[in-house]
Each structure stands twice: as structure tokens, then as C-alpha cells.
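Beneath this line is the structure, given in C-alpha cells, with notes to follow.
The values are calculated or read from the model by the stated rules, or taken from the named source; none is laboratory data. This is a predicted model, so every value here is computed, not measured. Here Cβ is always computed from backbone atoms with ideal geometry, including for glycine, and neighbour counts include all displayed protein chains.
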Amino acid sequence: MILDQIVEDKKIRLKEHKNKTSPDEIRRMAEEQVKIGSSFYDALKKDQISIIGEFKQASPSLGKITSKINLTERMEEYNASVDAISCLTEEDHFLGNIDYLRTIRKQTKLPILRKDFMIDEYQFYEAKAIQADAILLIAAILDDVMLKDFYQLSTELGLDALVEVHDEREMERALKADIKIIGVNNRDLRDFTIRLDTTKRLSAMVPGDKVFVAESGIVTDEDVLFLKECHVDAFLIGRAFMEAEHPKELAERWKKL
Ligand SMILES: O=C(O)c1ccccc1NCC(=O)[C@H](O)[C@H](O)COP(=O)(O)O
């Protein structure tokens, strides 16, 4: 499965990162950071629907999405219309980079989610050092012990954690670990098919005190209306915004629907 390949490539990248900035140094950098971004949790836990606008240049399912985007113009639109930013920092499959997140940080006080494949403590200190406000934990690549330990480490570092699940079993694991922010990825990572019905199916399991996020495959008004019926707190939107000339228009329309 693609996740196995991504994790293998991530291990190689991790070695490179650790050679460039040692674990001791990255911890020191993390400790020195003063928080700039607002709370990711608070941005999603509102009465109205929230939108997380993603920056991603490519993905395994879509290939290259954009040629060259004007980051400053995009950030002006995101700053005026979305509630949080998601920034891919994975290099090999999404063409992301931690420097990309650093650049975005300079242009916003909105909370930033570091979207990556977190498999090692080092990445959490790195996320803090580059001034991310939240990280993604993918249940499919973490066992229960790793999920618990990484969640605790995130909390200790003042990072919110969005825990991503794909099915009932992973949802049960997230609930058992008492995770506050749970996202359902509608993309089946075995064949990349999108089924928004996954959010609907799993919504029945989510207690009202959780922040519930629908991720992936949200591109039309009908998609937004369907997911609003599933009582989600937030949408995470990548492709539709990256391909739109003006993501602000889409975000404003979808909030009002
Ligand atoms: O999108 C992929 O191909 C993919 C493959 C393997 C792991 C994760 C993948 N996607 C990451 C995401 O979660 C999406 O970037 C995010 O939910 C936004 O999705 P979309 O709005 O469909 O671009």
C-alpha cells in the first residue's frame, strides 16, 4: 500500500534531517519558540462550520496539482476566508517542505497544521521549531502505544493533534485514546477512491464533545451540503482550493451553504 512506501521514504528523509540538525539542536530550537499562531482546536470548535485550507503541490492520487502558485496571493485569500491552514511538509510524494511551512508562518497568525507522516519523536520537536500549531497523527501507520505516546508528546509541546482515521476500527482506537480532534479521511488509500459516505458512516460513532473533521474529496456544493448533514465541525480542503483561481470565493460560499 502507498502508506508503506511513504513511511519507508520518510525514514530516509528523517536521517537527512537529523544529520542536518541534530536531535539535541532541534529540541533546543523547539524550546526557544514563542507561539505565534492561534489555537487549532479553538479555530475548529466553533458554532459555525470551520474550514482548513491546505497547501499541497502534489499527491500520490492526483500527481502534480499546480505548476507554480503565488504563495503571498494565496495566503491573502486564506487569511480572509479560512480558519486554519494545513501545510504538507512531506517531500517525496507531496513535494512539501518544512521551509514552505516556515514561509507560510511569516504570513499568518492562523493556526497551521503540519501535515506529514509522523513516525518519530524528532518530527514533533521539528514541528514546534518551525512554529506549527498542530500535527497530524495517522492511525493507520501507528500502533496503540505510538498513538498514545505521540499524542502525549504533542500535548506536552503545546501542539494540537488531528488524529486521522479511515474506518470503524481506527475510530474505536482514537476514541479509546481519548483524542479530542478526529478526522475521517474519505480517500481509500488502497485504491484512492473517494467515498464521502465514510464520514457519514463513522459520524454515528463520534461523541458530541469531539471536534469532528471531514477530510479529502470535497469539491462541489453538493459535497459540502452532504457533509454538513453529517454534523462535522470542519472541512479539510486541498485540491479544490489549489485548483481554484480564488479559493476565498469558494470558502465563503461553502460556509454560507
Ligand atoms: O491524497 C493522496 O493521494 C494521499 C495519499 C496517501 C496518503 C494521504 C493522501 N492525502 C492526504 C490528504 O489527507 C489530503 O491532502 C487532504 O485530506 C486533502 O484532500 P483533497 O481535498 O482531496 O485534496
Do you know which residues across the range 6-17 are without any contact (Cβ under 8 Å) to a residue 24 or more places away in the chain and either basic (K, R) or under 18 Å from A139 (Cα atoms) (or both)? E8, K15
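Residue-wise test of (1) among the small types (G, A, S); (2) at pLDDT 95 or above; (3) within 16 Å of the ligand (Cβ to nearest atom).
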site: R102; (1), (2), (3): no, yes, no
site: R105; (1), (2), (3): no, yes, no
site: P111; (1), (2), (3): no, yes, no
site: K115; (1), (2), (3): no, yes, yes
site: A127; (1), (2), (3): yes, yes, no
site: L136; (1), (2), (3): no, yes, yes
site: A139; (1), (2), (3): yes, yes, yes
site: D160; (1), (2), (3): no, yes, no
site: A174; (1), (2), (3): yes, yes, yes
Does E222 meet the test of being under 18 Å from D83 (Cα atoms) and surrounded by fewer than 17 Cβ atoms within 10 Å (Cβ to Cβ)? no
Which one is farthest from the ligand (Cβ to nearest atom), of the residues in the range 210-244 that are among the acidic types (D, E) and either in contact with a strand residue (DSSP E or B) (Cβ under 8 Å, 6 or more places away or on another chain) or under 17 Å from N79 (Cβ atoms) (or both)? D233
Quickly run through the range 70-113 and pick out the residues that are touching a Ser or Thr at 6+ places or on another chain (Cβ under 7 Å) and among the basic types (K, R). K109
Output the residue which, of all residues in the range 131-162 that are of a type in the set (D, E, K, R) and loosely packed, with under 15 Cβ neighbours inside 10 Å, is nearest to L3 (Cα to Cα). D143
Whether any residue in the range 58-69 is in contact (Cβ under 8 Å) with a residue 60 or more places away in the chain, under 19 Å from the mean Cα position of the chain (by Cα), within 15 Å of the ligand (Cβ to nearest atom) and over 24 Å from I6 (Cα atoms) is what I want to check. no
Conditions (1) in contact (Cβ under 8 Å) with a residue 12 or more places away in the chain; (2) in a helix (DSSP H, G or I); (3) under 20 Å from L153 (Cβ atoms); (4) not hydrophobic (A, V, I, L, M, F, W, C); number of the one not met by E25: (1)
Can you name every residue in the range 163-201 that is buried (at least 22 other Cβ atoms within 10 Å of the Cβ) and aliphatic (A, V, I, L, M)? V163, V165, M171, A174, I179, I181, I182, V184
Might you let me know whether the range 104-123 holds any residue that is farther than 24 Å from F235 by Cα, crowded, with 18+ Cβ neighbours inside 10 Å and touching a strand residue (DSSP E or B) at 6+ places or on another chain (Cβ under 8 Å)? yes
